[in-house]
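The values are calculated or read from the model by the stated rules, or taken from the named source; none is laboratory data. Note that this is a predicted model, so its numbers are computed, not measured. Cβ coordinates were reconstructed from backbone atoms using ideal geometry, including for glycine residues, and neighbour counts include every protein chain displayed. Keep in mind that these areas ignore ligands, DNA and RNA; they rest on the heavy atoms of the full protein, side chains included. Shrake-Rupley method; radii C 1.70, N 1.55, O 1.52, S 1.80 Å.
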Amino acid sequence: MQANEEKYIRVWKKMNVGEVTSHLLIIDDLYGTCGNCKHLGLNYTKDRSCPNCGAKFKYLATNLKSPGELAKVLARIEKEKLDFTLIDREDYNLSKAKDAVKDLFKSAE
């Protein structure tokens, strides 16, 4: 293996969860759901924005855990020259849950 050969690596970056949600396409294999309005049946290789709410997709999240399956999604993004960042769905869900808990206690005050 050459030292400058490109590989995929996981990167953590502090992000605004609401901003991610408003530009998120949640995929399970090929078809997905708009993170903003929950519109179903979207195709991450064809849909750049939601036909229902108009959200422009920048991020993809998936429940796929297998490195092989994730590699297929990443290869498809690269092959199709799609301008998406694949985020970890588990991290996203945890961040959303923490925000929901904070909001719950704010409304109880």
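Taking θ = phi - 60°, what integer Hz values does the Karplus form 6.51 cos²θ - 1.76 cosθ + 1.60 yield along the stretch 52-60, in sequence order, with x for Gly and Pro?
Coupling constants for the stretch 52-60: 8, 10, x, 4, 8, 7, 10, 10, 10 Hz.
Grab the DSSP H runs of the chain that are 4 residues or longer, score each as -39,500 (n - 2.57), total them, divide by all residues and round the 222 nm result to the nearest 500 deg cm²/dmol.
That calculation yields -11000 deg cm²/dmol at 222 nm.
Can you put R89, R10, R48, R76 in order of accessible area, largest first, using a 1.4 Å probe?
Listed by decreasing accessible area, they come as R10, R48, R76, R89.
Could you state the angle between the C-alpha long axis of helix 67-79 and the longest principal axis of the C-alpha atoms of the chain, as a value from 0 to 90 degrees rounded to the nearest 10?
Compared with the principal axis, the helix lies near 80 degrees.
Give the angle, between 0 and 90 degrees and rounded to the nearest 10, that separates the Cα long axis of helix 89-108 from the longest principal axis of the Cα atoms of the chain.
The two axes meet at around 10 degrees.
Taking the simple approach of a point 7 Å from Cα along Cα-to-Cβ for both N43 and K13, what is their distance in nm?
2.8 nm
Quick one: 3J(HN,Hα) in Hz for the stretch 9-22, Karplus 6.51/-1.76/1.60 with θ = phi - 60°, rounded, Gly and Pro as x.
Once rounded to whole Hz, the list reads 9, 7, 10, 9, 9, 6, 9, 7, 4, x, 5, 4, 4, 6.
Along the charge dipole of the chain, Cβ charges K/R +1 and D/E -1, which of L24, A55, P67 sits furthest on the positive end?
Farthest towards the positive end: A55.
Would you compute, for the Cα atoms of the stretch 17-107, the largest minus smallest coordinate along each principal axis and list the three values in descending order, in whole Å?
Each principal axis gives a Cα extent; for the stretch 17-107 these are 46, 30, 19 Å.
Working out 0.36 nm times the residue gap between E5 and N63, then minus their Cα-Cα distance, what length gain in nm do you get to one decimal?
Stretched fully, the E5-N63 segment lengthens by 18.1 nm.
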